[in-house]
Structure formats: C-alpha cells, structure tokens
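The values are calculated or read from the model by the stated rules, or taken from the named source; none is laboratory data. These numbers were taken from a predicted model, which means no experiment stands behind them. For neighbour counting, all protein chains shown are included, and Cβ atoms are generated from backbone atoms with ideal geometry for every residue, glycine included.
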Amino acid sequence: MFSDWILGERVVQNYINTELASVTFVRQVAKPPTLEAIFLGAAGDDPEHLNWSHFTIRVVFSRLNHDTSTSLRQTWQIGMDGVDHLVKLLAIVKSDGWDTACSEDVNYGRRLSDVENITFRSYTEPLRSMRYSLEEAKLCMEALINIKARLTYKIRKLQKHCAPLVLRDGIERIPNEILAHIFEAGHQMSEHSKFALRISRVSRRFRQVSLHTPLLWTRISSLHPGDQTEAFLSRSGRLDLQVKLSEGAMIPFDKLRSCLQLISPHSGRWSGLRLNMNPDYQEIMDEFGLTYFPRLRHIFHKYYSITKSAQWNMPLLSQYGGYCIPFPLGASFPFLCQLTCVELCFEDYDSFDMSSLAQTLHGMANLRCVTLEFGNDDDGDVNVVQWPLSTPEPEPHSFHIDSLKITLRDYVGDDFVESLYGILAYLTASVVDVSLLTYGNPGNLLTHAEFPYGSTMRLRTRLPCSLGFILEELLENCPIICSVQFEMTSFDRETYIWPKWSHSTCLRHLRFHDCVKLDEKHIETLARDVLSREDFQSLEVIACHKISEEFLVNLQDELGERLTWSL
C-alpha cells in the first residue's frame, strides 16, 4: 500500500509539473485550479481507474494541493506583475515619449516596480541595475505577448462575426437601381437561367428587384417546365430572348412541341438560338412557321447537319458556333457571307473532310474572328479527305481578320495539322492564338512556311519546346510578326541557342506569362540578346515563379526600363 501511495504521488506530481511547464495552460486558466480538479478531470472523474484506493488519492490531494496551488498562484502572479510593469511603462511613454521609455539606459530612467528582487542583491552596480532593467523588460514583453495573443483571438472572432453583418449592411445600403445592375452583371457571367432563379429566392427585397429586372428572365429552354417558361416570358418584357431547343431521351417530342407552342409567338425577339436537334425534328419548326427570325444574331448547332436551318431567313445573323457539325461539300449556306465571328469544335473523328471546311471558310466574306478547336482521344491516324474545290483557292495571306485562335488537343497528327495549316494559309490576322495541347513535339507543328501568320502571336504548349527553335521558325516564316507572347509554356532545359536577329525583323515585344520552367539563366541570356537592339521595345516577365524579383531588379538596373515584370 505504501509503495502504491509513493507511486501515486510521483504520477500526480509529474502530471502537475507538466501542467506548470505549459505556458498555454497557465495563461488560459481564469484562476489557479486545485490539484483535485486537475487530476479528476484527467482521470475522467473516475479514480477507480487507478491502482490505489480512493482514500489514498484523497491523501495525495491533501498533501500536494497546497504546494501546487502555491506554484500556480506564483505563476499567475508573474503574469499579473508583467501587466503592472507594462502599465507603468506605458505611463512613462505617455509622459516622456518612446525614446525615454525605451532607451538603453538602465531601468528606463526609473524603476517599474517597488518590490526588490533579492536575487540581485549580491550584484554590484551597474550589473545590479541592468539585471533589474532586463527582468522588467522581459516581464513587459511577456505581458505584451499574452495581450497580443488574446487580442488576435478576439479580433479574429469579431471579424468572423462581423463579416456577415457588414455584408448585410452593405447590401441594404445599395439602392435598388444599383442592385439591379449587379444582378445583370451576374446574369451575364453565366450561360444558363439558374442565376435568376437563385437570386430571386434570397430575400423578399432580392425577389422584388429581380422580378423588375427583365434581363434576368431572357433565357428560355425546352428543358424548362411549361409554367417556368410562361413566367420567364412575362417577366422578360420586350427584351431579346436566348432560346435553347433540345431533343432526345430527356426531352420527349410532346414536351418540345409544348415549348414551341409557348415561345413561337415571340420568335421575333429571338436573338440567340442553340439547337441540339435531329434534322427530322427540325421540321416541327416549319409546323409552327418558325423560318423567319428578324433579330437573330447568334446561332449554335450541336452534332447534327445544318442543311435545314441554313435556309431560314436570318437577316441579322453575324455569329455562328458549331460542335462536331458537318458542312457537306456543295451544299448551300446562304448565311455564310453575313458571318463576322465563327467558332467550330471537332472531336473524335476517324475521317475529316478538310475540303468542306475550306469551302465553308472561303464563303465567309465578312469574317473578322475565327476560333477552331480539334481534339482526338484515339491515338491513330485520321483520314484527311481533300477534294478539288469548285472555286479558286485564295492567295496566301490575302484575307485579313482581327483574330484567329487554333487549339489542337491530345492525338492530333502532324499530317492533319499540315493539311489544316494549308487551308488557313490565306488568312493574316492581327492576333494569332495557337494552343498546342497535343502529345507530339510542339516544334513539329510550327514549321509550316505560310502559317501561322500575324503581327501578334500567342503560343501555348502542353509539352516542353525549344524556345530558340520556336522563335527562329516564327521569325523566318512570318516576317510581319512584331510581338510574341508565351502563355503557360514549358521550355527545354537545353542550353539555348538564340536565333540570329536580322536587322530587318519587325519583332519588338516578347512576353512570358506563367511559364513555370523558365529560369533566370534563360531570361538573362535572352534579355542581353534582344535588349542590345535599340529598336526592341519590351521584354515582359509575368508570374514566372522560378524567377525572383531581386534578379529582375538587378537585371533591370543593368539593361534598362525595357525589361518589365509582375510577380
């Protein structure tokens, strides 16, 4: 029993010593707790879990509680003494200023405590005063650390509680007219009608404002229930409508008919139309007399041939989008000459009719913007079909447009790309944007003698490429190029061999954005090369994480302000 008592005493004392050593524990207690409270809390209020009797535990408590409470009170008092010292120090700051209060002179010019520490009596001056001053400074610092921790916690909690209240107060202060503009901006950032429904269910005020904002209710879909379609039509006023018509397993034919019955009287307001319908189903449009769309400016087709809709009367149509849409060679598409913007995406094809695409593009006499995307998940050769065109091919670089964007993804073969570049060679663009997100060597896709061709070139690659080789090919094949921008492009770790800059080259700007593998050595070599030319205007480095600001500052000091960056 005696050995158990001794063992228990040691266990409890070790536990108390551990707790006393914990600064966090001492600072968090509101008042010095008793040993019994500490121990029973750790034991789960069940002393029977131990190997000695409850009576023995009470004896241990009686013996140790006095010493423990005294130690805790002493530790607690140290914290309070620190506060007292800090208060006195702040009083000196207020009366005499910071310099006097925190000078290197001993005791800040005066003692912060009237209690003499007997530990320092044996020291002679000036060591005794210095030790007093050092001890008081430490107490002040301890109090400051404690205050900082507690204030940080309080600020964090208050900010958390204030945030929703501040947001609510700010929203309540916004006039309804401004709130309506905010709703319209949110509507424009999405492509569906869910935003209007969600915003109208936030609060009574949001609902009232949203119901009086017609733009939110201008997106109609055959997927919507009939009552929702009716509500949207009534709330949209007389604004233009964006209409989406689909058919398939999820959209029974009767539901499509019901939708058209509701929206066909408003066909004069249709400004955008998305069609995902089998040509056989498109005959239902004729049934409702839907062949004339006086305000239709944008149309998008998915999967199916457009030979039926191509005959509609759409006098304002200027934008066309298509996903895996065939353009049969020899078919008539009267609206092509109206188009200024076209976006086409083709995916997972075993055979591709390049001649029909060429004929389609050649028919767009007013074209300003072209976006083409090609992707193939299968690693295999694509059969490229090319037929003689009925009209002469345009001369290379004879047709100017504002922008041309080409995206090649996954397994797009070199032969396919060569054929594609051939039909695009008649274009010259102010901005050419090429994304080579394929698994092949990017350099092999930029060796065509006549494409790409434009004054500004943006390039993005999936796999690493040789920067020197790419620049050399672009400069050789495109003499009008004046700006090259690399976006999220990786470069080989080879020792770069830079192209020999011809004095007749038009290149004036180079930009690297988010090129994570571009390092300082490569930028330094390039910068010294291009910035040595007096007619070169700017070299930009944007968010290239392997290049430090210190390096760029030093390089700019040496080479001048034509080197710019943003990290």
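Odds and ends about this structure:
- Selected residue (criterion: modelled with the lowest pLDDT) from residues of region 511-526 that are of a type in the set (A, V, I, L, M) and surrounded by 21 or more Cβ atoms within 10 Å (Cβ to Cβ): L518
- Residue selected from region 489-503 under the condition closer than 21 Å to T438 by Cβ and surrounded by 15 or more Cβ atoms within 10 Å (Cβ to Cβ), by the criterion modelled with the lowest pLDDT: D492
- Just one of (1) within 22 Å of H266 (Cβ to Cβ); (2) modelled with pLDDT under 90; (3) surrounded by fewer than 18 Cβ atoms within 10 Å (Cβ to Cβ) fails for S309. It is (3).
- Residues that are outside any loop (DSSP other than H, G, I, E, B) and either closer than 11 Å to L317 by Cα or modelled with pLDDT of 85 or more (or both) within region 286-301 comprise E287, Y292, H298, I299, F300, H301, listed in sequence order.
- Pairing residues of region 276-291 that are acidic (D, E) with residues that are outside any loop (DSSP other than H, G, I, E, B), at Cβ distances under 9 Å and at least 6 apart in sequence or on separate chains, gives E287/R257; E287/L260.
- Qualifying residue in region 376-396 (condition: buried (at least 16 other Cβ atoms within 10 Å of the Cβ), within 30 Å of L316 (Cβ to Cβ) and at pLDDT below 95): no
- Where a residue in region 125-145 is within 19 Å of V93 (Cβ to Cβ) and its partner, wherever it lies, is of a type in the set (D, E) and surrounded by 15 or more Cβ atoms within 10 Å (Cβ to Cβ), with Cβ under 7 Å and at least six apart: L139/D81
- Some residue of region 545-561 being part of a loop (DSSP other than H, G, I, E, B), closer than 20 Å to M457 by Cα and either within 21 Å of the chain's Cα centre (by Cα) or at pLDDT 95 or above (or both): no
- Failed item, numbered, when C369 is tested on (1) under 37 Å from the mean Cα position of the chain (by Cα); (2) surrounded by fewer than 17 Cβ atoms within 10 Å (Cβ to Cβ): (2)
- The lone criterion from (1) touching a Leu at 6+ places or on another chain (Cβ under 8 Å); (2) free of Cβ contacts under 8 Å to residues at least 40 places away in the same chain; (3) surrounded by fewer than 18 Cβ atoms within 10 Å (Cβ to Cβ) left unmet by R295 is number (2).
- Every residue from region 376-416 that is among the small types (G, A, S) and either in contact with a His (Cβ under 7 Å, 6 or more places away or on another chain) or in contact (Cβ under 8 Å) with a residue 60 or more places away in the chain (or both): S390
- Evaluation of A358 against (1) over 21 Å from P452 (Cβ atoms); (2) touching a residue at least 60 places away in the same chain (Cβ under 8 Å) (one fails), failing number: (1)
- Selection from region 334-372 of residues that are in a loop (DSSP other than H, G, I, E, B), among the hydroxyl-bearing types (S, T, Y) and within 24 Å of E418 (Cβ to Cβ): Y349
- Taken over region 81-117, the residue count meeting the criterion of being modelled with pLDDT under 65 and of a type outside the set (D, E, K, R) is 8.
- Checked against (1) over 19 Å from V541 (Cα atoms); (2) at pLDDT 95 or above; (3) not small (G, A, S), C506 passes all but condition (2).
- Residue in region 321-333 that is surrounded by fewer than 18 Cβ atoms within 10 Å (Cβ to Cβ), of a type in the set (S, T, Y), in contact with a strand residue (DSSP E or B) (Cβ under 8 Å, 6 or more places away or on another chain) and assigned to a loop (DSSP other than H, G, I, E, B) present: no
- Scanning region 249-285 for residues that are in a helix (DSSP H, G or I), polar (S, T, N, Q) and under 13 Å from L223 (Cβ atoms) gives a single hit, S258.
- The criterion of being out of contact with any strand residue (DSSP E or B) (no Cβ under 9 Å at 6 or more places or on another chain) and modelled with pLDDT of 90 or more holds for C337.
- Meets criteria (closer than 18 Å to V434 by Cβ and modelled with pLDDT of 95 or more) for L372: yes
- Number of the exception - D379 against (1) within 32 Å of the chain's Cα centre (by Cα); (2) in a strand (DSSP E or B); (3) farther than 22 Å from D492 by Cβ: (2)
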